[in-house]
Amino acid sequence: MSAIIISGKELAQEKRQNMKLQTEELKQKGMVPGLAVILVGEDPASQSYVRAKERACKEIGVHSELDEVSVSITEEELLQKIDELNKADHIHGILVQLPLPDHISEEKVIEAIDPAKDVDGFHPINIGRMMIGQEAFLPCTPFGIVEMIKSKNIELQGKHVVVIGRSNIVGKPVGQLLLNEHATVTYCHSRTKDMSDYTKKADILVVAVGRPLMINADHMKEGAVVIDVGVNRNEEGKLVGDVDFKSAKEKASYITPVPGGVGPMTITMLLHNTILSAERHLKEEN
Ligand code: NAP
């Protein structure tokens, strides 16, 4: 058996086509969705993520503003910038690219963003709302994963989901979103003993660790759905996931590739959240 590929690239394109229409409609009502991005320092990976976000905004007609600031910016100065963006009427989404330098508290920065403009979905208010099933900005990578699973009409109710990884931005929230969809969720992490006892029982396996090719067909059951969140560079500098795609695709029923899987969906859901924020803003105005 060879698995059906869930192409995040194709799904993202489809969604972005629809978003283009949405932004055109909003523009006719006098509203241009606006995203502000703050990049601290010159980390090449962060620079490339931020450029990709800017390109995506342009593609679908979202106004974007990039503020590239020196790594020596103080925490206070950064919080001041966020405060200004919180008050700016033409900005509906604020994103501070992580990670931040050690002298700046990520926690303080995330909490300084107005939850109504927190399109990354990292603010504790949005995380809390998501947990109790209230309307919230959902964190983009987990949101994209759920959209990918749903795009193939894969049943979630009653299914056993195993999530490997428990970070605040991927592992924990993706498990929560899948729980909200009535799946039974198990988390594995670095202290989990005999991890394959769990992974072999998974109907849906979500791998978000950051260790190249750590999961292969031997860790899965026949017909599992495999979502590979990992982004790693191998020795030849090529992008690879946490899953050994070649071996896993022979046993899985559905699988996401790397690249072209979860990655393009993350940015797409950021655009989705920005448009949603602009729509809410417009509703409040009228
Ligand atoms: P992270 O914060 O480093 O978390 C990694 C998680 O993996 C932790 O919970 C850790 O457990 C667990 N872990 C580490 N070694 C393990 C092992 N040997 N066995 C089981 N679990 C282990 O990483 P992240 O931010 O969640 O990102 C995970 C991966 O996804 C990375 O490759 C990242 O680049 C990628 N990513 C991709 C996207 C995208 O859009 N495609 C977005 C975000 C992240 P402990 O908690 O016990 O330490």
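Side notes on the structure shown:
- Cβ-based exposure ranking for M19, M1, M195, in which fewest neighbours within 10 Å come first: M1, M195, M19
- Extension gain, S247-T186: 0.36 nm per intervening residue step, less the Cα-Cα distance, totals 19.6 nm.
- For K152, a cut-off of 17 angstrom between C-alpha atoms picks up these aspartates and glutamates, skipping any fewer than 8 places away in its own chain: E10, E14, E181, D203, D228.
- Pairwise FRET efficiency - E111 versus E284, Cβ, R0 = 22 Å, nearest 0.05: 0.45
- The chain - mean residue ellipticity at 222 nm from DSSP helices (-39,500 (n - 2.57) per run, n ≥ 4, rounded to 500): -13000 deg cm²/dmol
- Taking every DSSP beta bridge that has both ends in the chain, the antiparallel portion is near 5%.
- Share antiparallel - DSSP beta bridges, segment 140-263, percent rounded to 5: 10
- Helix 8-28 and the longest principal axis of the C-alpha atoms of the chain enclose an angle of approximately 20°.
- Across segment 268-276, computed HN-Hα scalar couplings (Karplus, 6.51 cos²θ - 1.76 cosθ + 1.60, θ = phi - 60°) run 4, 6, 5, 5, 4, 5, 5, 5, 4 Hz from first to last residue, x flagging Gly and Pro.
- Shape category assigned to segment 30-114 from the gyration tensor of Cα positions, a/c cut at 1.5: oblate
- For segment 52-101 and segment 266-286, distance of Cα centres in Å: 16
- 3J(HN,Hα) along segment 96-110: 9, 5, 9, x, 9, x, 4, 7, 10, 7, 4, 4, 5, 5, 4 Hz, from the Karplus curve 6.51 cos²θ - 1.76 cosθ + 1.60 with θ = phi - 60°, whole Hz, x for Gly and Pro.
- Ascending count of other beta-carbon atoms within 10 Å, so fewest first, for I73, I113: I73, I113
- Prolate/oblate/rounded label for segment 247-286 (Cα gyration tensor, a/c 1.5): prolate
- Taking all Cα pairs closer than 8 Å and separated by 6 or more residues, the relative contact order of segment 227-282 comes to 32 percent.
- Between the listed residues I60, N86, V231, the Cα displaced farthest toward the positive end of the dipole of the chain, a dipole computed from Cβ unit charges relative to the Cα centre, is found at V231.
- By the count of neighbouring beta-carbon atoms within 10 Å, fewest first, T184, T23, T74, T268 end up ordered T74, T184, T23, T268.
- For the chain, the relative contact order is 23 percent, taking Cα pairs closer than 8 Å that sit 6 or more residues apart in sequence and dividing their mean separation by the residue count.
- Tilt relative to the chain, helix 140-151 - C-alpha long axis, 0 to 90 degrees, to 10: 50
- Overall form of segment 160-286 per C-alpha gyration tensor (a/c, 1.5; a/b vs b/c): prolate
- Taken over segment 187-282, lysine pairs spaced eight or more positions apart, or on distinct chains, with alpha carbons under 14 Å apart number 6.
Computed from the coordinates by the stated procedures, all read-outs in this text should not be read as laboratory data. Model, not experiment: these values are computed from the prediction. Neighbour counts run over all protein chains shown; Cβ positions are idealised from the backbone, glycine included.
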